[in-house]
1. Any idea which of HIS302, HIS290, HIS307 is within 15 Å of the ligand (Cβ to nearest atom) and either farther than 24 Å from MET207 by Cα or acidic (Asp, Glu) (or both)?
2. Would you mind finding the one in GLY287, GLY270, GLY249 that is within 15 Å of the chain's Cα centre (by Cα) and open to solvent by 20 Å² or more (accessible area, probe 1.4 Å)?
3. Among the listed residues LYS89, LYS122, which satisfies the condition of being within 16 Å of the ligand (Cβ to nearest atom) and over 18 Å from the mean Cα position of the chain (by Cα)?
4. Is it the case, given these coordinates, that VAL95 is part of a strand (DSSP E or B) and either more than 16 Å from the ligand (Cβ to nearest atom) or on the phi < 0 side of the Ramachandran plot (or both)?
5. For residues in the stretch 252-267 being closer than 28 Å to ALA86 by Cβ and within 14 Å of the ligand (Cβ to nearest atom), which is most open to solvent (accessible area, probe 1.4 Å)?
6. Out of all the residues in the stretch 141-156, is one or more open to solvent by 10 Å² or more (accessible area, probe 1.4 Å), touching a helix residue (DSSP H, G or I) at 6+ places or on another chain (Cβ under 7 Å), within 21 Å of THR257 (Cβ to Cβ) and away from the ligand (no atom under 16 Å from the Cβ)?
7. If you go through the stretch 52-71 one residue at a time, how many are within 16 Å of the ligand (Cβ to nearest atom), modelled with pLDDT of 95 or more and buried (at least 20 other Cβ atoms within 10 Å of the Cβ)?
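The values are calculated or read from the model by the stated rules, or taken from the named source; none is laboratory data. The model shown is predicted, which means the values in this text are computed figures rather than measured ones. Heads up, the Cβs are rebuilt from the backbone with ideal geometry, glycines too, and the neighbour counts pull from every protein chain shown. All accessible areas refer to the heavy atoms of the entire protein, side chains included, with ligands and DNA or RNA removed. Shrake-Rupley method; radii C 1.70, N 1.55, O 1.52, S 1.80 Å.
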Amino acid sequence: MKEMRKPVVPSFAESRRLQARSHTVIPGGAHTYAKGDDQFPEEAPGFIERGKGCHVWDVDGNEFTEYGMGLRSVTLGHAFEPVVEAAYKQMQLGVNFSRPARIEVDLAEAMLGLIDGADMVKFAKNGSDVTTAAVKLARAYTDRNLIAICGDQPFFSTDDWFIGSTEMNAGIPQAIIEMTLKFRYNDIEDLKNLFDQHPNQIACVVMEAEAATPSAPGYLAKVKELCESRGALLIFDEMITGFRWHLGGAQKFHGVTPHLSTFGKAMANGFALAALMGKREIMRLGGLEHDQSRVFLLSTTHGAETHALAASLETIKTYRERNVVEFLWQQGKRLRDRVNRSIAENRLEGFFQLIGQPCNLVFETRDQDRSRSQPFRTLFMQELIRRGIIAPSFVVSFSHSDADIDRTADAVYEAHQVYRKALDEGVAKYLGGRPVKPVNREYN
Ligand SMILES: Cc1ncc(COP(=O)(O)O)c(C=O)c1O
């Protein structure tokens, strides 16, 4: 077994000062829950000053290698020059006018060139907005109210129809909560039962084609068949899978075309942009050329800001020219192989596990009783931070070089050595502060 080096514990003095200020003026201290203090060990950088590639520098000047950058939105790398240049050039021409800009059509065509089964597209700023728009469109198209969501997948929208289904549902009327039903992934009978229990009432099935659990052979095709036979629409949320599984989305990867799909996150390398895409027959309800009741489909002030569209066009160009998706899978596999070796060498099978596809790796931490453990998650993240790695997941980007991956794997090995000791001697002995907590919980 390799000798364990003494890690350097960085200073976070300026982060601490900013945290004190931020909690006074921002509920939770951050504008995104997943970036909040309760999601990271106490001994962690509180604020980031700048990033380049997969490296970031915190407000105390400490450098880290990051994973899952920008909640998986930055797939090319922080401050990726061609994208920054394209956005800047566009910004100098004006970002928002009283009529649409030419680039709105250019990007619409480019997106439709990627996503096989879609005929029309509408842009917005956030993934939540486009997924909510897909649900509204499905309700209007089917004239039904209920929504079936995959209960094994963590997130679809910040809006009430979804948040009402989580534990953090204060402020959401019961009537709305009752309109969202849940089914289990890879269990076609469970979805069938939902349709049987609510005949002619389910407007749509909302799901990620695949998240942490691999898709069982034939499952997605059966979901689509079931939707069509019961008169519901199939909506794939491609916020994470899009620009990662395949340039044509997880729908292309798995060969199942949904009626509607939603994209966001990586489509503009971190610039705010999202897209609702789908069949003309459905999407046209949001347009001007029909005589049915009009659907108010995504009309926001900032939805088509030109620089985000320019960033997206350049992102797509980079993906096409430089085989970005292939690289993401390859680097994920490189990391997975090394981490799995470390798990074996440190006797952590059943306690620490990598799950998900190589382009989207996450880790699961378990305690002595093999129960899921937030203290052990915290310990692992803490030990990585002490070794210069911020890893709420192991989601790689186009900027993660072989050297970055190998350095991470060395850090993981040492973090696993501490994990092993904590299993044997108790996690409290090794933990520098309180454990992290899940975002969607009822009480603090
Ligand atoms: C699968 C999925 N869908 C939708 C969303 C919502 O996207 P946004 O945060 O851009 O509103 C997220 C955000 O994390 C997500 O992971």
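1. On the way: HIS290 fails: within 15 Å of the ligand (Cβ to nearest atom); HIS307 fails: within 15 Å of the ligand (Cβ to nearest atom).
Only one candidate qualifies: HIS302.
2. Numbers: GLY287 fails: within 15 Å of the chain's Cα centre (by Cα); GLY249 fails: open to solvent by 20 Å² or more (accessible area, probe 1.4 Å).
Among GLY287, GLY270, GLY249, only GLY270 is within 15 Å of the chain's Cα centre (by Cα) and open to solvent by 20 Å² or more (accessible area, probe 1.4 Å).
3. After ruling out the rest, the residue left standing is LYS122.
4. no
5. Result: LYS265.
6. The answer is yes, given that some residue of the stretch 141-156 is open to solvent by 10 Å² or more (accessible area, probe 1.4 Å), touching a helix residue (DSSP H, G or I) at 6+ places or on another chain (Cβ under 7 Å), within 21 Å of THR257 (Cβ to Cβ) and away from the ligand (no atom under 16 Å from the Cβ).
7. 2
For (1) basic (Lys, Arg); (2) over 20 Å from the mean Cα position of the chain (by Cα); (3) under 15 Å from ILE235 (Cα atoms), each residue gets a yes or a no:
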site: MET111; (1), (2), (3): no, no, no
site: ALA118; (1), (2), (3): no, yes, yes
site: THR131; (1), (2), (3): no, no, yes
site: VAL135; (1), (2), (3): no, no, yes
site: TYR141; (1), (2), (3): no, yes, yes
site: GLN153; (1), (2), (3): no, no, yes
site: PHE156; (1), (2), (3): no, no, yes
site: THR166; (1), (2), (3): no, no, no
site: GLN174; (1), (2), (3): no, yes, no
